[in-house]
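Please read the structure below before turning to the comments.
The values are calculated or read from the model by the stated rules, or taken from the named source; none is laboratory data. Being a predicted model, the structure only gives us computed values, none of them experimental. Cβ coordinates were reconstructed from backbone atoms using ideal geometry, including for glycine residues, and neighbour counts include every protein chain displayed.
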Amino acid sequence: MRKAGIVVIVLLAVFVPAGIHAIFIGDFPGWKELIDSADAIVILRIDRYSDTHTVFMTPYRTYQCFIYQTLKGDIPKDSQIELELMDARFEFVSPYALSSTHLMFLAKEEKGDEPAVYWTLPVKGANIEVSPFGQEKPPRGATIEEQIRNLVKSAIAYRAKEHEKHQKFLRSLLEEHPEAETTD
């Protein structure tokens, strides 16, 4: 029995890595470098998860997305597109909830005569969840970097406000409420 266990472990060690595609996640390089390395920068909404083209054994998953704004690149605004997205933060909970809104830095892969495939850049900061409100108009700022900085500032303010509302609700659950009187 012990030999069989060792054989299984050896076989797994040999064959499993062959199916795994290693993705190396880079640290945040700074706005200029991140902007320069992206083929497209968009503000998008997650509309649905699609398992049709999910890359096997990687953190990338395929999502149908609605493009609110294109800050860089040729992805048309107000369009639906399938994207290969991942989160470089290695958090337990995926940030890609349905209807969530994100600022995404994408790389483009040409596929001959097929439509191009866009992937999240494998860099921390390439996916920033932003407020779900107000994305129908371009972000404030003259340059792409200024627009992005303003989006991040509004995301910080939005998250702080949402956190406080959640904390207020949780605190209200701890308040003592007199039991309702019953009448017989």
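Of everything listed in (1) surrounded by fewer than 18 Cβ atoms within 10 Å (Cβ to Cβ); (2) modelled with pLDDT under 75; (3) not hydroxyl-bearing (Ser, Thr, Tyr), the single unmet condition for residue 88 is (1). Among the residues of region 30-46, those identified as surrounded by 14 or more Cβ atoms within 10 Å (Cβ to Cβ) and among the charged types (D, E, K, R) are 39, 45.
Just checking, which of 149, 61 is over 13 Å from the mean Cα position of the chain (by Cα) and under 25 Å from residue 27 (Cα atoms)? Give the steps one after another, and end with the answer.
On the way: 61 fails: over 13 Å from the mean Cα position of the chain (by Cα).
Answer to the check: 149.
Mind listing just one residue for me: the one in region 124-141 that is assigned to a loop (DSSP other than H, G, I, E, B) and among the hydrophobic types (A, V, I, L, M, F, W, C) and, of those, modelled with the highest pLDDT? If you could, list the steps in order and put the result at the bottom.
We begin by selecting, within region 124-141, every residue assigned to a loop (DSSP other than H, G, I, E, B); these are 124-126, 131-141.
Now narrow it down to the ones that are among the hydrophobic types (A, V, I, L, M, F, W, C): 126, 133.
Working: 126: 92, 133: 86.
Of everything passing the filter in region 124-141, 126 is modelled with the highest pLDDT.
Residue by residue, here is whether (1) at pLDDT 95 or above; (2) touching a helix residue (DSSP H, G or I) at 6+ places or on another chain (Cβ under 6 Å); (3) closer than 23 Å to residue 150 by Cα holds:
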residue	(1), (2), (3)
40	yes, no, yes
54	no, no, no
58	no, no, no
63	no, no, no
82	no, no, no
107	no, no, yes
111	no, no, no
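Between 75, 148, 144, the distinction of being crowded, with 16+ Cβ neighbours inside 10 Å, under 22 Å from residue 48 (Cα atoms) and modelled with pLDDT of 90 or more belongs to 75 only. Which ones in region 123-147 are closer than 16 Å to residue 33 by Cβ, touching a helix residue (DSSP H, G or I) at 6+ places or on another chain (Cβ under 6 Å) and β-branched (Val, Ile, Thr)? 144 - this is the single residue of region 123-147 that is closer than 16 Å to residue 33 by Cβ, touching a helix residue (DSSP H, G or I) at 6+ places or on another chain (Cβ under 6 Å) and β-branched (Val, Ile, Thr). How many residues are outside any helix (DSSP H, G or I) and among the hydrophobic types (A, V, I, L, M, F, W, C) when one looks only at region 142-172? Residues in region 142-172 being outside any helix (DSSP H, G or I) and among the hydrophobic types (A, V, I, L, M, F, W, C): 1 in total. Scanning region 70-88 for residues that are assigned to a loop (DSSP other than H, G, I, E, B) and out of contact with any Asp or Glu (no Cβ under 8 Å at 6 or more places or on another chain), which turns out nearest to residue 123 (Cα to Cα)? Per the stated criteria, the residue is 88.
The conditions of being modelled with pLDDT of 80 or more, closer than 22 Å to residue 155 by Cβ and in a strand (DSSP E or B) are not met by residue 28.
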